[in-house]
Amino acid sequence: MSTVRAASGAALALVLILGGCRDAPPPVAERAVARPALWHVTGPAQAEGWLFGTIHALPQPVAWRTPVLDHALAAADVLVLEIANLDDQSATAQAFERLGRSPGHPPVDDRVAPALRPALDKLMVTAGYGANELTDVETWAAALILARAADPGADSGAGIDRGLIALAGAKPRGELEGAAAQLGIFDALPEPAQRALLSEVVRSAATAPADDARLAQVWARGDVAALAAETHAGMLADPALRAALLVDRNIAWAARIGAMLRGRRHPFVAVGAAHMAGPDGLPALLAAQGWRVVRAQ
């Protein structure tokens, strides 16, 4: 899922729309129970696939497997994620370093409104940076660094993507984007949009952990209407950010998934749950292509 609010956390928004920029600490015992949204896609010539909305990190582990989900994953012939190799942290770090650093930027304080600077300075200290550091870091990259500092509890290792990889075993794995391409989306944002992202990270930092818990519950109960509302709030109320981080990606992904289905693959597609919500979501876009898309869970 994906949003940042006027009323929900920027760090969580990134967790809900991005696939693989977080580390994976050791797993913990499952506690809460979830029934996240799943769709069944069918079409001519026995075309068949599944769409599963994930959350890439959780404030606490949940029991999210169900018989319906297990059957769908078993019937698929390929597991398709945003980023196929989530454990290649070295490649992700290299891409972040290559794309996120360049000379000649003003101090980070100068990239937000004066009213936000005290909160930004506090967040910089939390992240372990001095006031004059990050001047060689692009605004989007500073936003991601600070989002992680604002919400360290989201690095629980309880994200669903890795769980699906473990369940899929030797099943082939495909990807819709990859880590470098995903970071490239941020790098291509115009500077005003990057500053809007940074401002929202700072603005929502104090409430990020509580927002984690609230939105994880929305995901766990498969509340697609609530997810759809979130995709118009906060950060995603900015047209440039919404287009780049959500809508344009969904359009590209729907085309790739449609090609897989026409090519007689049977994909189990697992991406951030925000990408499933509303008229811009993958179920709606695939239905518009002529596929039969039915909510299975």
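The values are calculated or read from the model by the stated rules, or taken from the named source; none is laboratory data. Predicted model only: the values in this text are computed from it and were never measured. Glycine also receives a Cβ, built like all others from the backbone with ideal geometry; neighbour counts cover every protein chain displayed.
The residue pairs whose first member lies in the stretch 67-95 and is within 21 Å of Met276 (Cα to Cα), whose second member is in a helix (DSSP H, G or I) and of a type in the set (Gly, Ala, Ser), and whose beta carbons are closer than 7 Å, counting only pairs six or more residues apart or on different chains, are Leu73/Ala168; Leu79/Ala168; Ile83/Ala179. Total residues in the stretch 137-176 satisfying the condition of being closer than 16 Å to Leu86 by Cα, in contact with a strand residue (DSSP E or B) (Cβ under 9 Å, 6 or more places away or on another chain), in a loop (DSSP other than H, G, I, E, B) and modelled with pLDDT of 85 or more: the figure is 3. The single condition among (1) of a type outside the set (Asp, Glu); (2) crowded, with 21+ Cβ neighbours inside 10 Å; (3) farther than 29 Å from Trp219 by Cα that Trp140 does not meet is (3).
Just wondering, is there one or more residues in the stretch 47-55 that are crowded, with 24+ Cβ neighbours inside 10 Å, modelled with pLDDT of 50 or more and part of a loop (DSSP other than H, G, I, E, B)? Yes, there is a match, as at least one residue in the stretch 47-55 is crowded, with 24+ Cβ neighbours inside 10 Å, modelled with pLDDT of 50 or more and part of a loop (DSSP other than H, G, I, E, B).
Return yes when Arg265 is in a loop (DSSP other than H, G, I, E, B) and surrounded by fewer than 19 Cβ atoms within 10 Å (Cβ to Cβ) and no when it is not. Here the answer is yes, as Arg265 does meet what is asked. Number of residues in the stretch 64-90 that are at pLDDT below 85, outside any loop (DSSP other than H, G, I, E, B) and loosely packed, with under 15 Cβ neighbours inside 10 Å: the value is 1. Filtering the stretch 202-215 to residues that are over 10 Å from Ala273 (Cβ atoms) and crowded, with 22+ Cβ neighbours inside 10 Å leaves Val202, Arg203, Ser204, Ala205, Ala208, Asp211, Asp212. Scanning the stretch 91-130 for residues that are assigned to a helix (DSSP H, G or I) and more than 19 Å from Ala205 (Cβ to Cβ) gives Ala91, Thr92, Ala93, Gln94, Ala95, Phe96, Glu97, Arg98, Leu99, Gly100.
Residue-wise test of (1) touching a residue at least 60 places away in the same chain (Cβ under 8 Å); (2) part of a helix (DSSP H, G or I); (3) closer than 29 Å to Arg98 by Cβ.
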residue: Pro209; (1), (2), (3): yes, yes, no
residue: Arg214; (1), (2), (3): yes, yes, no
residue: His232; (1), (2), (3): yes, no, no
residue: Ala255; (1), (2), (3): no, yes, yes
residue: Gly278; (1), (2), (3): no, no, no
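Checking the structure you have, find out if any residue of the stretch 177-186 is among the small types (Gly, Ala, Ser), under 22 Å from Thr92 (Cα atoms), under 16 Å from the mean Cα position of the chain (by Cα) and modelled with pLDDT of 95 or more. No, the stretch 177-186 contains no residue that is among the small types (Gly, Ala, Ser), under 22 Å from Thr92 (Cα atoms), under 16 Å from the mean Cα position of the chain (by Cα) and modelled with pLDDT of 95 or more. Scanning the stretch 284-297 for residues that are of a type outside the set (S, T, N, Q) and surrounded by fewer than 24 Cβ atoms within 10 Å (Cβ to Cβ) yields Ala284, Leu285, Ala287, Ala288, Gly290, Trp291, Arg292, Val293, Val294, Arg295, Ala296.
Report whether or not Leu241 is farther than 28 Å from Val33 by Cα, assigned to a helix (DSSP H, G or I) and under 13 Å from the mean Cα position of the chain (by Cα).
On the way: farther than 28 Å from Val33 by Cα: yes; assigned to a helix (DSSP H, G or I): yes; under 13 Å from the mean Cα position of the chain (by Cα): no.
In short, no.
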